[in-house]
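Notes for the one structure printed next.
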Amino acid sequence: MKFLKSIYLNNFFFYVVSGIIGFFIIAYFFPAIYNAVWLLLYIFIAFSLIDILLLFATNQKFEASRSMPDKLSNGDENTISITMQSGYSFATSIKVIDEIPVQFQVRDFNVSRKMKANSKIGFEYNLRPTERGEYHFGRLNIYASSPLRLISRRFIFSEGQMVPNYPSYIQLRKYDLIAFSNQLFQYGVKKIRKLGHTMEFEQIKEYVSGDDIRTINWKATAKKNQLMVNQFQDERSQNVYMAIDKGRVMKMPFKGLSLLDYAINSTLVLSNVILKKQDKAGMFAFSKKIENRVPAERRTAQMQKILENLYNIKTDFFESDYGRLYADIKKNITQRSLILLYTNFETLDGLNRQLPYLKGIAKNHLLVVVFFENTELEELIDKNADNIQEVYDKVIAEKFAFEKRLIVSELMKYGIYSVLTKPEDLTIDSINKYLEIKARGIL
């Protein structure tokens, strides 16, 4: 039974069968060719049996495997590799059908290759997942045909492989390499001149040529009867929290990813930059309640802890409770911290409903509200209007885009910083804002 399940008839087989049936029909009207048609049928059956013997001979072997990362990177191109080793002593035609996870809805994956005798080949293809969670691969089906190409033998490999899809660790690696290199400007990460004294006192020492005379400690100078200066070091280990709104406003999709997933990817990358800058990184998500909390720390395992919590964040489709957010921050974050709030406001009225809570948070912390431009509206605004309906659509789109800029101005009035960004630029713009705040010593 297993042997029969491995036999598949190629298209060429059916073409030949159709031709033979056609000849039998012709022979019905021309009996003179009747014996020749039967001879043709016997030859076809003989070739089919020879094809089966070639493919199923006991000394012929075929191996294949699917190679993929330990985890997929959400929103990025992930490479899947297929490797095949032919043990046949003749050239074969190979057809590969890989059963891709259901999340991709790819039902026509089909790759054909030619393989020489006793050879090894491989190929790669890319998958771009847009949902976090577990991705289950099915069978890797290989159909091998001999030069006769009448029959195919099916081989099954790598059945039931599962790989988790995590927030974008590919972006994490990329920015880890460039965040402190001379290539920063190529990726939009700006170098900002440092202003003021964002310093912590370290010690009093004797003045040496080149010390800043503004740091002279006159009391110590009088006691020692020689110039003494205060020595400072850069402020470090400041608390930075990423607060992710997982309410229904963050379910809006852009280029296959939801705003929530863009925020999650940005949080992972930014947390790594924060830790590299010797600050403490923490995060939490909120909607009706506060969840996925990671206190701000600078431990070795902090990135892994943040990654595991980001992996489990899902939207609950509720309207987020900013009153609960304000109360939780007031209770649990007692030290002044930088809080980057990933959310989205489409209208000024939407902001005004939550503004009292944002103002309350900004009294004790440095609050940065990160929200999104509607790129589809921008495309509508840039498009030329050809009729009255398109004129109306364009005016409404411009109104919504203008309200986004009003939201930035309204937040600025109350000392709340903001980042208005396109979803695809979120990571770069968030890093820029953090580096700007560090350089200007605002925190």
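The values are calculated or read from the model by the stated rules, or taken from the named source; none is laboratory data. These numbers were taken from a predicted model, which means no experiment stands behind them. Cβ: placed from backbone, ideal geometry, glycine included. Neighbour counts: every protein chain shown. Only protein heavy atoms, including side chains, enter the accessible area calculation; ligands, DNA and RNA are left aside. Shrake-Rupley method; radii C 1.70, N 1.55, O 1.52, S 1.80 Å.
Report the residue count in region 398-421 for those that are over 20 Å from Glu376 (Cβ atoms), among the hydroxyl-bearing types (Ser, Thr, Tyr) and under 30 Å from the mean Cα position of the chain (by Cα). Of the residues in that region, 2 qualify.
Evaluation of Ile121 against the conditions (1) at pLDDT 85 or above; (2) exposed (fewer than 14 other Cβ atoms within 10 Å of the Cβ); (3) not in a loop (DSSP other than H, G, I, E, B) shows that the sole unmet condition is (2). Mind checking whether some residue in region 221-238 is closer than 22 Å to Asn272 by Cβ, open to solvent by less than 70 Å² (accessible area, probe 1.4 Å) and modelled with pLDDT of 85 or more? Yes, the conditions are met somewhere in region 221-238. For region 310-334, taking the residues that are modelled with pLDDT of 90 or more and surrounded by fewer than 14 Cβ atoms within 10 Å (Cβ to Cβ), the one that is farthest from Asn239 (Cα to Cα) is identified as Gly323. Is there a residue in region 294-303 that is within 29 Å of the chain's Cα centre (by Cα), open to solvent by 20 Å² or more (accessible area, probe 1.4 Å) and either under 13 Å from Asp245 (Cα atoms) or of a type in the set (Phe, Trp, Tyr) (or both)? The answer is no, given that none of the residues of region 294-303 is within 29 Å of the chain's Cα centre (by Cα), open to solvent by 20 Å² or more (accessible area, probe 1.4 Å) and either under 13 Å from Asp245 (Cα atoms) or of a type in the set (Phe, Trp, Tyr) (or both). From Leu426, Leu420, which residue is under 19 Å from Val240 (Cα atoms), touching a helix residue (DSSP H, G or I) at 6+ places or on another chain (Cβ under 8 Å) and surrounded by 13 or more Cβ atoms within 10 Å (Cβ to Cβ)? Result of the check over Leu426, Leu420: Leu426.
Scan region 137-152 for residues that are open to solvent by 50 Å² or more (accessible area, probe 1.4 Å) and in contact with a strand residue (DSSP E or B) (Cβ under 6 Å, 6 or more places away or on another chain) and jot them down. Passing the criteria: only Arg139. Among residues of region 371-397 that are without any contact (Cβ under 8 Å) to a residue 40 or more places away in the chain and within 20 Å of Ser258 (Cα to Cα), those with a Cβ under 9 angstrom from a residue that is assigned to a helix (DSSP H, G or I) and among the basic types (Lys, Arg), sequence gap 6+ or separate chain, pair up as Asn374/Lys404; Leu377/Lys404.
Conditions tested, residue by residue: (1) open to solvent by 80 Å² or more (accessible area, probe 1.4 Å); (2) touching a helix residue (DSSP H, G or I) at 6+ places or on another chain (Cβ under 6 Å).
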{"position": "Leu348", "(1), (2)": "no, yes"}
{"position": "Leu355", "(1), (2)": "no, no"}
{"position": "Leu358", "(1), (2)": "no, no"}
{"position": "Lys363", "(1), (2)": "yes, no"}
{"position": "Leu367", "(1), (2)": "no, yes"}
{"position": "Thr375", "(1), (2)": "no, no"}
{"position": "Glu378", "(1), (2)": "no, no"}
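Test Phe30 against the stated conditions and say whether it is surrounded by fewer than 12 Cβ atoms within 10 Å (Cβ to Cβ), at pLDDT below 85 and either of a type in the set (A, V, I, L, M, F, W, C) or in contact with a strand residue (DSSP E or B) (Cβ under 7 Å, 6 or more places away or on another chain) (or both). Here the answer is yes, as Phe30 does meet what is asked.
Listed by first and then second residue, the pairs linking a residue in region 239-259 that is part of a helix (DSSP H, G or I) to a residue that is open to solvent by 20 Å² or more (accessible area, probe 1.4 Å), with Cβ atoms under 7 Å apart and 6 or more places separating them unless they lie on different chains, are Arg248/Thr315; Arg248/Phe317; Arg248/Phe318; Arg248/Glu319; Met250/Thr315; Lys251/Thr315; Lys251/Phe317; Leu259/Met252.
This table checks each residue for (1) at pLDDT below 55; (2) part of a helix (DSSP H, G or I); (3) open to solvent by 100 Å² or more (accessible area, probe 1.4 Å); (4) under 20 Å from Ile274 (Cβ atoms).
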position: Asn165; (1), (2), (3), (4): no, no, no, no
position: Leu172; (1), (2), (3), (4): no, yes, no, yes
position: Leu177; (1), (2), (3), (4): no, yes, yes, yes
position: Phe180; (1), (2), (3), (4): yes, no, yes, yes
position: Phe185; (1), (2), (3), (4): yes, yes, yes, no
position: Arg193; (1), (2), (3), (4): yes, no, yes, no
position: Ile204; (1), (2), (3), (4): no, no, no, no
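This table checks each residue for (1) assigned to a strand (DSSP E or B); (2) aliphatic (A, V, I, L, M); (3) surrounded by 15 or more Cβ atoms within 10 Å (Cβ to Cβ); (4) modelled with pLDDT of 90 or more.
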residue: Ile50; (1), (2), (3), (4): no, yes, no, no
residue: Asn59; (1), (2), (3), (4): no, no, no, no
residue: Asp70; (1), (2), (3), (4): no, no, no, no
residue: Asp76; (1), (2), (3), (4): no, no, yes, no
residue: Ile82; (1), (2), (3), (4): yes, yes, yes, yes
residue: Tyr88; (1), (2), (3), (4): no, no, yes, no
residue: Ala117; (1), (2), (3), (4): no, yes, no, no
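Could we say that Lys95 is open to solvent by 60 Å² or more (accessible area, probe 1.4 Å), touching a Phe, Trp or Tyr at 6+ places or on another chain (Cβ under 6 Å) and modelled with pLDDT of 85 or more here? Criteria met by Lys95.
Close Cβ contacts (under 8 Å, 6 or more residues apart or on different chains) running from residues in region 412-440 that are under 27 Å from Ser258 (Cβ atoms) and touching a residue at least 12 places away in the same chain (Cβ under 8 Å) to residues that are outside any strand (DSSP E or B) and among the aromatic types (Phe, Trp, Tyr) comprise Pro423/Tyr262; Glu424/Tyr262; Leu426/Tyr262; Thr427/Tyr175; Ile428/Tyr187; Ile431/Tyr175.
Considering Ser168, Ser152, Ser145, Ser119, the condition of being hydroxyl-bearing (Ser, Thr, Tyr), more than 14 Å from the chain's Cα centre (by Cα) and farther than 18 Å from Asn11 by Cα is satisfied by Ser119 alone.
Quick check on my filter: what residues within region 124-136 are open to solvent by less than 50 Å² (accessible area, probe 1.4 Å) and under 17 Å from Asn265 (Cα atoms)?
Scanning region 124-136 gives Pro129, Thr130, Arg132, Gly133.
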